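First comes the structure, then the notes that go with it.
The values are calculated or read from the model by the stated rules, or taken from the named source; none is laboratory data. Just so it is clear, the structure is predicted and the values come from calculations on it, not from any experiment. Cβ coordinates were reconstructed from backbone atoms using ideal geometry, including for glycine residues, and neighbour counts include every protein chain displayed.
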Number of protein chains: 4
Amino acid sequence: MSRHFTEESENIRLEMFMDAIMSIIITILVLEFKVPEEPFSSNGDLLSFIHHLLPSFFSYGVSFMTIIALWIDHHFLFRKINKADIRFVFLNFLFILFLSPIPFTTALAGRNYTNPYAVALVAINYFLMGTCFSALWRFAVVKKMIPDNKLKDWFFKRDMILSNVGALVLLASIPLAFVSTYISFVLFILVVLMHLLKHFFR
Amino acid sequence: MSRHFTEESENIRLEMFMDAIMSIIITILVLEFKVPEEPFSSNGDLLSFIHHLLPSFFSYGVSFMTIIALWIDHHFLFRKINKADIRFVFLNFLFILFLSPIPFTTALAGRNYTNPYAVALVAINYFLMGTCFSALWRFAVVKKMIPDNKLKDWFFKRDMILSNVGALVLLASIPLAFVSTYISFVLFILVVLMHLLKHFFR
Amino acid sequence: MSRHFTEESENIRLEMFMDAIMSIIITILVLEFKVPEEPFSSNGDLLSFIHHLLPSFFSYGVSFMTIIALWIDHHFLFRKINKADIRFVFLNFLFILFLSPIPFTTALAGRNYTNPYAVALVAINYFLMGTCFSALWRFAVVKKMIPDNKLKDWFFKRDMILSNVGALVLLASIPLAFVSTYISFVLFILVVLMHLLKHFFR
Amino acid sequence: MSRHFTEESENIRLEMFMDAIMSIIITILVLEFKVPEEPFSSNGDLLSFIHHLLPSFFSYGVSFMTIIALWIDHHFLFRKINKADIRFVFLNFLFILFLSPIPFTTALAGRNYTNPYAVALVAINYFLMGTCFSALWRFAVVKKMIPDNKLKDWFFKRDMILSNVGALVLLASIPLAFVSTYISFVLFILVVLMHLLKHFFR
């Protein structure tokens, strides 16, 4: 009974645990912005401090939107599932394993936005997270955790395809960081916008 | 079915996610108070350390009350809504996007309370957050997400007006920080008190 | 309808928000233990680092137990309440306002455990938090938020009295920190043990 | 009625509180990875920074998996319980008391992975946490909080035995850190894999 997370109440608990972790990571992102403990000696110093943070704000914004997009998709996936099993639970935690370092890789890429290794690292992180999420969808389909009538939904198929397209674009953004880190950032934004905007075309 | 967050259970999930984020931000605020790792060498040093923190405590208190006021209003808004849609979800996340930097802008303004740029920055942050919250109310009204009988409630109309008034005062507090940062702080307190105290006049 | 938090679902939401904040503060406490980023050069250095942290561990333990005791009591209070109002909500947030600085005052007292001002500060914090919690009980009783049959329960009366006794002992621990900070720490432990152990005598 | 956490709704609240704390600790782990505030001056510097972090990533991974394994087991334990009492609540908080320092001991062992004291400390922490969790199972059995038919389940007995075996191996890993810290890390991984993989053999 309890061994396979088959009861609906268990799905809810799992989703709540995932929600808690996602809400914490999304707010922890902002802890990377450290305010100097001493007051700035002049307006110029403060403005230059803010100016220096701009790439970090940008990097923060991309990760913020990415986690929001994943939360919405994760939510829709769980709406469609009518049972789960322990392997699905493990896949969820694998997803969390790749989600957790986002505050770290985001800050690293924000502060070193022209460094290809730093940007490639956040690209790898996004790619692993996205791939893991695609695997969650695929697993749910293969294991027939989703009722047949929902599987035939055109929008469901489209979202699965977009999920794979997104993962491929993120994969491409890893080597492209060594051509120009700006290309990678543009690709990050394209992927997150694709995931967010698809919800308006249903 | 699941595409528009129309089920009540979905509203609850969204509200819980928002609650989780608000509870984390309200507690993360306090992480900006760093205790020196070495013990103070004298009572005088410790007292001077505490004395230096007073403006930061004040700034913290304003942000704490602001988030509490927003939580209460957010709670009342969700009590009135009987359905939602994906755009309403996005507006909620836009609200969170402006809520998240509050620990950063609060600490910056607390440690640089006489610096007009630092105080204008937190004013901009409050303004965007407040405006976004007003937009949530307006959206819920325009999209008829609130039953008619609740819309006609006098207190509902009053709260919508106060929400707009608050946003306007916060808008004014941005340039006024360059006249005197104290004026801005007084306006912040007036706005938050207005939002908190209105609940006693129903 | 929604104006007074009178529905049971609203009490649950408030309690969940309070629970979220308490769970965050209890875990944030541990963030005050900073691990040096560089490896220690010898076993002796590491042992001396741990040794230096012992008073902080002790201070952490007291605050940890205090929050646990408050969570249990808060839980029992909410179990007894069958309705609430907006003032009760505000009292809860006043309680949170005094709970939030606990990670800060705990770390300050842990690292400066012989400094009377540091220990008096955490004592003031405990006292305000405890008093606020006593006020919550009193408010719930005076406003008849608790059904009569529960009010007559002997254990209920005992817990209210202990809550006041605890607040008084914490009040005494403030000036006594200037006699010896160890007296204050002993009083903190007595109060928290009293609150925890009372549950075994029912 | 409310005195013994005997209602199902009370178990749910306790489990949610435990879930909240576990979700926070699992995400707080990652805060130990500090990104230098200044950009790296060269690719080499950044790569060497990442290289230096590898043992910390490894230590992080072990703790991450350990908490996940505990969450799953904790979840299964609560699924089986049909009532609780105040002592069970206290045991849960004792478990949390030993869970909370994990971010600290994990970071210490990661940055000082060849230092026997640092690794012994995290081993002690794992051992106390594991023992406390075993005690939770035992308490639930002895106090007949689990229905008889579930107690006779072979997998239930196996999991209790594995829980004790895991605690014993962790106990052995404490002195073995002084032979070689690598032995301890291997034992940590064996224990966590045992706890995770057992779910596939049901």
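Of the candidates A:Ile21, A:Ile26, the single residue that is out of contact with any Phe, Trp or Tyr (no Cβ under 7 Å at 6 or more places or on another chain), buried (at least 16 other Cβ atoms within 10 Å of the Cβ) and either facing another protein chain (nearest Cβ under 7 Å) or modelled with pLDDT under 90 (or both) is A:Ile21.
The set of residues in segment D:106-135 that are at the interface with chain C (Cβ under 10 Å from one of its Cβ atoms), surrounded by fewer than 24 Cβ atoms within 10 Å (Cβ to Cβ) and under 15 Å from the mean Cα position of the chain (by Cα) contains only D:Leu121.
Would you mind stating whether A:Lys152 is of a type in the set (Lys, Arg), closer than 23 Å to A:Ile96 by Cα and surrounded by fewer than 20 Cβ atoms within 10 Å (Cβ to Cβ)? Judged against the criteria, A:Lys152 is not a match.
Here is the figure for segment B:32-50: residues that are facing chain C (nearest Cβ under 7 Å), among the aliphatic types (A, V, I, L, M) and surrounded by fewer than 17 Cβ atoms within 10 Å (Cβ to Cβ) total 1. Among the residues of segment A:97-122, those identified as part of a helix (DSSP H, G or I) and farther than 18 Å from A:Phe57 by Cβ are A:Leu97, A:Phe98, A:Leu99, A:Pro116, A:Tyr117, A:Ala120, A:Leu121.
Would you check if there is a residue in segment D:123-143 being assigned to a loop (DSSP other than H, G, I, E, B), out of contact with any Phe, Trp or Tyr (no Cβ under 6 Å at 6 or more places or on another chain) and not basic (Lys, Arg)?
The answer is no, given that none of the residues of segment D:123-143 is assigned to a loop (DSSP other than H, G, I, E, B), out of contact with any Phe, Trp or Tyr (no Cβ under 6 Å at 6 or more places or on another chain) and not basic (Lys, Arg).
Flag not set for B:Leu54, criterion: over 15 Å from the mean Cα position of the chain (by Cα), closer than 23 Å to D:Ala20 by Cα and in a helix (DSSP H, G or I). Quick one: would you say D:Ile102 is over 17 Å from C:Val35 (Cβ atoms) and not polar (S, T, N, Q)? The answer is no for D:Ile102.
For segment A:57-70, taking the residues that are within 9 Å of another protein chain (Cβ to nearest Cβ), surrounded by fewer than 20 Cβ atoms within 10 Å (Cβ to Cβ) and of a type in the set (A, V, I, L, M, F, W, C), the one that is nearest to the chain's Cα centre (by Cα) is identified as A:Met65.
Among the residues of segment A:128-137, are any of a type outside the set (S, T, N, Q), in contact with a Gly (Cβ under 8 Å, 6 or more places away or on another chain), at pLDDT below 95 and within 27 Å of D:Phe33 (Cα to Cα)? Scanning segment A:128-137 turns up at least one residue that is of a type outside the set (S, T, N, Q), in contact with a Gly (Cβ under 8 Å, 6 or more places away or on another chain), at pLDDT below 95 and within 27 Å of D:Phe33 (Cα to Cα). A single member of A:Lys150, A:Lys157, A:Lys144 is in contact (Cβ under 8 Å) with a residue 40 or more places away in the chain and more than 18 Å from A:Val191 (Cβ to Cβ), and it is A:Lys150. Quick check on segment D:72-84. Is at least one of its residues touching a Lys or Arg at 6+ places or on another chain (Cβ under 6 Å) and within 7 Å of another protein chain (Cβ to nearest Cβ)? There is at least one residue in segment D:72-84 that is touching a Lys or Arg at 6+ places or on another chain (Cβ under 6 Å) and within 7 Å of another protein chain (Cβ to nearest Cβ). The numbered conditions (1) over 19 Å from the mean Cα position of the chain (by Cα); (2) surrounded by 18 or more Cβ atoms within 10 Å (Cβ to Cβ) are all true for D:Leu97 except (1). When you go through A:Val165, A:Val179 one by one, which is the residue that is more than 18 Å from A:Lys80 (Cβ to Cβ) and assigned to a helix (DSSP H, G or I)? The unique qualifying residue is A:Val165. Just one of the listed residues (A:Met65, A:Met18) is touching a His at 6+ places or on another chain (Cβ under 7 Å) and not β-branched (Val, Ile, Thr), namely A:Met18.
Restricting C:Leu193, C:Leu170 to those that are under 19 Å from the mean Cα position of the chain (by Cα) and loosely packed, with under 14 Cβ neighbours inside 10 Å reduces the list to C:Leu193.
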